[in-house]
Amino acid sequence: MYSPLRKDFVTLTLGEQHSRSYTNGKHRRQSCWRKWKQLSRLQRSLILFLLAFLVICGIFSYPSLSEQWKALSDGSVKEDWVDVENEGLRPIHPGLIPKVVPGVVQEESPEPQRPNAPVLPKPQALKKPPSKRGPPALQKRGNISEWQVKDREEPANRREDEEEKETKTVISWRGAMIEAEQGTDPQPSARMKEAAGPAEGEGASPLPPVSVKPVDRAQAVREAFRHAWKGYKAYAWGHDELKPISKTHGEWFGLGLTLIDALDTMWILDLKEEFEEAKGWVEKELSFSKNVDVNLFESTIRILGGLLSTYHLSGDPLFLDKAKDIGLRLMPAFNTPSKIPYSDVNIGKGTAHPPRWTTDSTVAEVTSIQLEFRELSRLTQDPQYQKAVDEVMQQVHRLDGKYDGLVPMFINTNSGKFTHRGVFTLGARADSYYEYLLKQWLQGGKKEPELLEDYLQAVEGIKKNLLKQTSPSKLLFVGELSHGRLNPKMDHLVCFLPGTLALGAHNGLPADHMELAVQLMETCHQMYVQMETGLSPEIAHFNLQNDNGRDVDVKPADRHNLLRPETVESLFYMYRFTQDSKYRDWGWEILQSFNKYTRVPSGGYTSIGNVRDPMSPLPRDKMESFFLGETLKYLFLLFSDDPELISLDKYVFNTEAHPLPLWPSAS
């Protein structure tokens, strides 16, 4: 019998839990493919689409990755950020960086050596919060007319140029260019110090000192003049007045009043290029042989006074020849029965007449032409000019109708008598009578005692009859007397008085004149600072009773500002005689307010209609010639450090701010 077959292998059965722990690579690949094949066509399409999308995104992101890598190694950004070795230093907070002001020269400080350290790309700049300067109303927009919107575009288009010059500008409520705050920067706050990094002694290296010269205020006046002149030259060249908003001109006499009024201002401000082009117009274009009526007073103080002053400053006989021409053409005004001149003259026909509505002339007009005609006689050796104006003063000196040295506002050209008696003011129609009493006395060498007598008597009359104090702050002001009743009303024109009083005290008149000047100067200053725009109204009314807590009230019809010079004129005198820097500071505030509310971007400055509303000051589209002839001139002299620049011991200013020399015997 045969034996059973022998088996050459062993059967091994693994448990289920062990069978799952083993597989080989081939089996794995076969399983993935099997699972892929088991997917539906839609599932496989979606997976392929996602893979393709990821590949495409990777391709497009490659250039930006290259740029970032390049930025890490590019030396061009070294100027932006430096860390590691300068770890204790932080960027300077913007508020601690001194502002760059036009006309101000900064002292250069040596640039610190930067270590060669790794640099990072400059982060994105944070947006600057909106400016909060000025009254809250200025932070809003509204009631902006077409010309305001149009002018707003000009500074925006020039932004790149201004950044290159490092000059900061702000756009005002109406698009006018507002200069960056031109004063010394405030001390940094605690928050600013924290943002600037640890202080010295706390482990940080000290920041390099930055030296900045004080603001050049005189240079700021030059810039303001150039801006005004830019508008006049572009839109009103050779005409009387600029209309800066409508970019055209206004005519009064057709004799280039603004240009002639500004001649000596340009000389004093050392604006040689502007002076030469204006002189060229006077030489080639200015002619007085025109059939036109001119006002005797305005033509005398602006044209004759401006030409005489420019002749003395420049020495050019061209201006004296023109002065002789206009002076002779004005003489028919004195052909009256009383020798009190008519108000109007036709310089082409050689005839004169009073206004159509009256035979009266105002007292200020007939008694504020003496400085100019007297000087014309001295220069020409022709006595007719001085004789004519001296007769007027002698007659007024003898007239009845004065009240403690105060004179009425009107005088009749036929009878030579005062009219409208009983009303006495130092404002319009009478103001410069008092000014010229003192200045004629100074001009002639202090040899005419009747002029000094009338002046001293008038000052006593002012103190006795017109001075009052407000109830809230005890401000001293000059009111108006109307038939025995005081009206607490004071024109801005009256603000010439502090300067005139100070000039008299400087020349030996009673010391209490200076004390009065100081008090009235404060009142004129308050007429500015108590207004929302920082600009004085044309007329102010003062409170004698503390009804509303305010010293100054302004009626709607009196809220305009014409860019008048009287307050800055007195500030100039007060600073010259006292050297008190507060008068300069007050003048600087006024100039800043002019720049903020009256400056027109295309050139020029405009009078405004409402000094109480900074949001809508109502531009009037007119720049009077006296803004260049007086206001900016007095501001420049106020800020000048040269006491010999138009020394008040050598010159006397006419009422249009044209300096005329004191006669030799007065030295």
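The values are calculated or read from the model by the stated rules, or taken from the named source; none is laboratory data. All of these numbers come straight from a predicted model, not from anything done at the bench. For neighbour counting, all protein chains shown are included, and Cβ atoms are generated from backbone atoms with ideal geometry for every residue, glycine included. Just so you know, the surface numbers come from the protein's heavy atoms only, side chains and all, with ligands and any DNA or RNA stripped out. Shrake-Rupley method; radii C 1.70, N 1.55, O 1.52, S 1.80 Å.
Order Glu480, Glu223, Glu285, most accessible first, counting only protein heavy atoms with a 1.4 angstrom probe.
Numbers: Glu480 30, Glu223 55, Glu285 115 Å².
Result, largest first: Glu285, Glu223, Glu480.
Test of understanding: express the Cα radius of gyration of the stretch 599-639 as a ratio to 2.2 N^0.38 Å, with N the residue count.
In units of the 2.2 N^0.38 Å rule of thumb, it is 1.32.
If the stretch 322-369 were replaced by its equivalent ellipsoid, with semi-axes equal to the square roots of 5 times the Cα gyration tensor eigenvalues, what would those be, largest first, whole Å?
18, 13, 9
Report the FRET efficiency, 1/(1 + (r/R0)^6), for Glu522 and Asp649, where r is their Cβ-Cβ distance and R0 is 30 Å, rounded to 0.05.
Result of the calculation: an efficiency of 0.70.
Quick one: the Cα spread of the stretch 514-667 along its three principal axes, in angstroms, biggest first?
If we take the Cα atoms of the stretch 514-667, the spans are 52, 43, 24 Å.
For the stretch 589-667 and the stretch 505-584, compute the distance between their C-alpha centroids and round to whole Å.
15 Å
How much accessible surface area, in Å² rounded to 10, belongs to the heavy atoms of Glu251 with a 1.4 Å probe?
Solvent-accessible area, nearest 10 Å²: 100 Å².
For Asp400, Asp390, what's the largest-to-smallest order of accessible area, 1.4 Å probe?
Greatest to least solvent exposure: Asp400, Asp390.
Order the peptides 516-529, 487-500, 644-657, 375-388 from the highest to the lowest mean number of other Cβ atoms within 10 Å of their residues.
487-500, 516-529, 644-657, 375-388
What ³J(HN,Hα) values, in whole Hz, does the Karplus curve 6.51 cos²θ - 1.76 cosθ + 1.60 give for the stretch 485-490 when θ = phi - 60°, with x put for Gly and Pro?
10, 7, 9, x, 10, 9
Quick one: which residues, 5+ away or cross-chain, put their amide H under 5 Å from the amide H of Phe653? H built at 1.01 Å from N.
Close amide H contacts, sequence-distant or interchain: Leu660.
Once you keep just the Cα pairs under 8 angstrom separated by 6 or more residues, what percentage relative contact order results for the stretch 305-462?
Across the stretch 305-462, relative contact order equals 20 percent.
Give, in nm to one decimal, the length gained when the segment between Ala428 and Arg41 is fully stretched (0.36 nm per residue of separation minus the Cα-Cα distance).
129.3 nm
How many percent of the accessible area of the stretch 523-667 is carbon or sulfur, using a 1.4 Å probe? All intermediate terms of the calculation are to be shown ahead of the outcome.
Details: 1960 of 4380 Å².
Result for the stretch 523-667: 45 percent of the exposed heavy-atom area is carbon or sulfur.
Could you work out the relative contact order of the stretch 406-478, using alpha carbon pairs under 8 angstrom and six or more residues apart, expressed as a whole percent?
Numbers: 64 pairs, mean separation 15.0, N = 73.
Over the stretch 406-478, the number comes to 21 percent.
Starting from a Cα-only point model with no solvent, please compute log10 I(q)/I(0) by Debye for the stretch 375-473 at q = 0.12, 0.17, 0.24 1/Å.
-0.46, -0.84, -1.38
In sequence order, what are the phi-derived ³J(HN,Hα) couplings for the stretch 470-475 according to the Karplus relation 6.51 cos²θ - 1.76 cosθ + 1.60 with θ = phi - 60°, rounded to whole Hz, with x for glycine and proline?
So the J values, rounded to whole Hz, are 6, 7, x, 10, 6, 6.
Output the Cα-based Rg and Dmax of the stretch 276-327 in Å, rounding Rg to one decimal and Dmax to a whole number.
10.9, 31
Quick one: if the Förster radius is 30 Å, what FRET efficiency do Asp558 and Leu476 give, using the C-beta to C-beta distance and rounding to 0.05? Don't skip to the answer; put the middle values down first.
Values: r = 20 Å, r/R0 = 0.67.
The value I calculate is 0.90.
If Lys and Arg each add +1 and Asp and Glu each add -1, what is the summed charge of the other residues whose beta carbon sits under 9 Å from the beta carbon of Leu497?
So the environment of Leu497 carries a net charge of -3.
Any chance you could count the Lys pairs in the stretch 320-471 whose alpha carbons are under 16 Å apart, treating pairs 8 or more apart or on different chains as valid?
Numbers: Lys324/Lys387; Lys339/Lys387; Lys339/Lys417; Lys402/Lys417; Lys402/Lys463; Lys402/Lys464; Lys439/Lys447.
Step by step, the pairs that qualify in the stretch 320-471 add up to 7.
Keeping every protein chain present and rolling a 1.4 Å probe, give me the accessible area per residue for the stretch 548-667 in Å².
Details: 3550 Å² over 120 residues.
Computed with neighbouring chains in place, this is 30 Å² per residue.
Based on alpha-carbon centroids, what's the gap between the stretch 224-298 and the stretch 447-501 in Å, whole number please?
Here the two parts' Cα centres lie 34 Å apart.
With Cβ to Cβ distances under 15 Å as the rule, what net charge do the other residues near Leu304 carry (K, R +1; D, E -1)?
Here the charged neighbours net out to -4.
Rounded to a whole number, what % of the accessible area of the stretch 263-398 do carbon and sulfur atoms account for, probe 1.4 Å?
45 percent
Net charge near Arg576, counting Lys/Arg +1 and Asp/Glu -1 over other residues with Cβ under 15 Å of its Cβ?
Surrounding charge for Arg576 is -2.
Which value results for Rg/Rh of the stretch 612-667 when Rg is the Cα radius of gyration and Rh the Kirkwood radius based on the inverse mean 1/r?
With Rg and the Kirkwood Rh in hand, the quotient comes to 1.18.
Please report, to one decimal in angstroms, the Kirkwood hydrodynamic radius of the stretch 420-572 built from all distinct Cα-Cα pairs. Mind dumping the intermediate values first?
Numbers: mean 1/r = 0.0628 Å⁻¹.
The Cα-based Kirkwood calculation yields 15.9 Å.
Quick one: compute the contact order of the stretch 264-390, relative version, from alpha carbon pairs under 8 angstrom and 6+ residues apart, as a percent. List each step's numbers first, then the result.
On the way: 155 pairs, mean separation 29.9, N = 127.
Taking the mean separation of contacting Cα pairs over the length of the stretch 264-390, I get 24 percent.
What accessible area per residue comes out for the stretch 335-434, rounded to a whole number of Å², with a 1.4 Å probe?
Computed with neighbouring chains in place, this is 40 Å² per residue.
Taking just the C-alpha trace of the stretch 507-569, give me its Rg and Dmax in Å.
13.7, 42
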